[in-house]
Amino acid sequence: MLRRRLLFPLAVVLLLGQMAFAMVTTAVQQSPTIDEPVYVATAEVYRQQHSLVYNPEHPPLAKLAMAAGLAFADPRLDAPRRVDQTYLGRQLLYGSGNNPAELMLAARLPIIALTLLFGLVVLFFARDLAGPWAGLLALALYAFSPDVIAHGSLATLDVPAAGLVLVTFWMLWRARDRPRVYLPLAGVALGAALATRMSTLPVVPLALLLALVPAPFGRALWRRVLGAAGVGLIAVAVVWLTYLAVDPRLRWSTPVGLPHPGGLKGLAVDLLPFPAAYRDGVLIQFQFESRTFNGFLLGEAYRGARWYYLPVALLIKTPIGMLLLWLAGTVTLLLKRRFAALYLLVPAGVLLLVAMTGARDYGTRYVIFMPIMLAVVAGTVVLIRWRWAWIPAAALVAFVGVSSLLTFPYYLPYSNEAFGGTANTHNNLHDSNVDWGQDLPRLAARLRSQYPGEPVWLVYKGAGVPSYYGIQGRNPLSVPIDEVRGLLVVSDSSAALARNRLKELLDTSTAIDQVGYSMTIYRR
């Protein structure tokens, strides 16, 4: 009996332990990805200057967590008070005498810790729905998810925002029985999600509606309305407190030339009960969404956004066993725990539909809530009362685990076996799905060990500084094509969108090597 009792916590420790090892290893080995320097530099400005001026398009909470990690490194911020935020990030990491690897690890570790804590939320939410084995199955899917490991190991906002949305709806689920305890906690979690990413705003109406749901033994309507209002007020207070934690005086000036959309959209922004910096951040996001970006899907480059991009990208980047368990869990939930669908399938569906209308076809990180929330849904397959149902469920979990372990430590460019595996992702997707500028250290090591002394031409898409890592690559686009001889190294995201001179260079070169499944080495 004692052994059985210890088996469950031991399995939890092992699952989270392997996830922690995978994330820390990934964090140590990768150079800064495209978005990270801006977030990290903004976090340090929060810590040293208490200013909201940088990166207003994203609220401060996750960056404050990064700042807590940076406090242990105590970096020097050698930059003027007001510069371009991209320049600020590069200056902090590479131009102020700091160690960029040390700073990035310090900023990434708090996000890794949050990712592990969200794993416990997945475990307990699924356990609440269908028992301890459901919790363990859900945690296994979460802990082996290549996307969650990849983005949970970065100093970015995607996993913290998605995890806080899950916490919100878990607290609302529990509030059905103990509203006095869990409704305030739901308000805190909702406010924290809103204070992390503005893309969580669409779940607010649903969360407030679910706060009205009566307990199994019923509650008076006025109590339910009061509870829902309390959730909303607490959420608003958390957002305000987050901004006040950065700057108690809330100094803010609207960026010059920031357009106001007018109409219902503009009115909705004006009515948001948040600080002016938050409202202007929403307007900046609207400005981004009005632009046209490059996309790449299934080998085809295009301009603009395709509504089906995110579902297809999920099919490519989600382990096959996980997809099957998501489907089985969805059917089981609708048959056995239909009411719970309001707390999992509906918010995930709302966020997915909103994300599918976005202008940027840049990666599954925009729907990272799917592997997080659907892990809980998948756990409900244990409710199937067929005698041998556990065998296919266990086999699919094992399939997911093997697929995830085989891609170690290259989680960012993961693809499932049906689409050719990790080595083939660059032929189907680009940007943060495969190549986000993360492999400069690996490229430097490969050039030193395999190609010493050879001339290098480099087309790099990323936020790192190649020369810092000892990569002395010339720009092949700045000289006549017939002068480009030796090694040509191209980021796969650049190759995916190649045209004109770069396309001609690639067409007349021979691919000889891959680095991190995100960069290709050609010989000319």
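The values are calculated or read from the model by the stated rules, or taken from the named source; none is laboratory data. The structure presented is a predicted model; accordingly, all values stated were derived computationally and were not measured. We place every Cβ from the backbone using ideal geometry, glycine too, and count neighbours over all the protein chains shown. We work out accessible area using only protein heavy atoms, side chains counted, and drop any ligands, DNA or RNA first. Shrake-Rupley method; radii C 1.70, N 1.55, O 1.52, S 1.80 Å.
Some observations on this one:
- Magnitude of the charge dipole, the chain, Cβ model with Lys/Arg +1 and Asp/Glu -1, debye to 20: 1660
- Surface accessible to a 1.4 Å probe, per residue, for the residues of the chain, Å²: 42
- Segment 426-511 shape via C-alpha gyration tensor axes, a/c threshold 1.5: oblate
- Computed from Cα atoms, the angle from the helix 158-175 axis to the main principal axis of the chain rounds to 0 degrees.
- Residue 514 long-range amide H proximity, modeled H, under 5 Å: 521
- Charge dipole (Cα centre; +1 on Lys/Arg Cβ, -1 on Asp/Glu Cβ; no other charges) of segment 83-184 amounts to roughly 400 debye.
- Amide H contacts of residue 474 (H built 1.01 Å from N, under 5 Å, at least 5 apart or other chain): 456, 457, 458
- Projected label distance in nm at residue 181 and residue 354, using a 7 Å step from Cα toward the beta-carbon: 3.0
- Contour minus Cα-Cα distance for residue 267 and residue 78 (0.36 nm per residue): 64.0 nm
- Under conditions of 25 °C and 0.890 mPa s, segment 313-460 yields 139 µm² s⁻¹ as its translational diffusion coefficient, taking Rh as the Kirkwood radius over Cα pairs in the Stokes-Einstein equation.
- Per the Kirkwood formula applied to alpha carbons, the chain shows a radius of gyration over Rh ratio, Rg over Rh, of 0.98.
- 5 angstrom amide H check on residue 293, placed H, neighbours 5+ away: 304
- Taking a point 7 Å from the Cα of residue 244 along the Cα-to-Cβ direction, the residues of segment 261-275 with backbone N closer than 15 Å to it are 274-275.
- Applying the criteria of a DSSP loop state and at most 10 other Cβ atoms within 10 Å to the trypsin sites (Lys or Arg not before Pro) of segment 314-401 yields 385, 387.
- Degrees, to the nearest 10: 179-194 long Cα axis against longest axis of the chain: 20
- The chymotrypsin sites (Phe, Trp or Tyr not before Pro) of segment 148-250 that meet both conditions, a loop assignment by DSSP and at most 15 other Cβ atoms within 10 Å of the site Cβ, are 217.
- Phi angles across segment 263-280 convert, under the Karplus curve 6.51 cos²θ - 1.76 cosθ + 1.60 with θ = phi - 60°, into 3J(HN,Hα) values of x, 5, 5, x, 5, 4, 5, 4, 8, 4, x, 10, x, 4, 4, 5, 5, 5 Hz, Gly and Pro given as x.
- Here is the list for segment 63-143: trypsin sites (Lys or Arg not before Pro) lying in DSSP coil, each with at most 16 other C-beta atoms within 10 angstrom of its C-beta, are 76, 81, 82.
- Relative contact order (percent, whole number), the chain, Cα cutoff 8 Å, 6+ residue spacing: 17
- Taken over segment 81-227, the convex hull of the Cα atoms encloses 137 Å³ per residue.
- Antiparallel bridge percentage (DSSP; both residues within the chain; nearest 5): 75
- Here the Karplus curve 6.51 cos²θ - 1.76 cosθ + 1.60, taken at θ = phi - 60°, turns the phi angles of segment 432-446 into couplings of 5, 6, 8, 9, 10, x, 8, 10, 4, x, 5, 5, 4, 5, 5 Hz, with x standing for Gly and Pro.
- Separation in nanometres of the label points that stand 7 Å from Cα toward Cβ, at residue 120 and residue 298: 4.3
- Residue-wise HN-Hα coupling along segment 71-76, computed from phi with Karplus coefficients 6.51, -1.76, 1.60 (Hz; x: Gly, Pro): 4, 6, 8, 6, x, 8
- Rounded to the nearest 0.05, the FRET efficiency derived from the C-beta distance between residue 390 and residue 308 at R0 = 45 Å is 0.85.
- Three-way shape label, segment 321-372, alpha-carbon gyration tensor, a/c 1.5: oblate
- Computed on the Cα atoms alone, the convex hull of segment 96-150 gives a volume of 67 cubic angstrom per residue.
- CD proxy at 222 nm, helix term only [per DSSP H run n ≥ 4: -39500 (n - 2.57); per residue of the chain; nearest 500]: -18500 deg cm²/dmol
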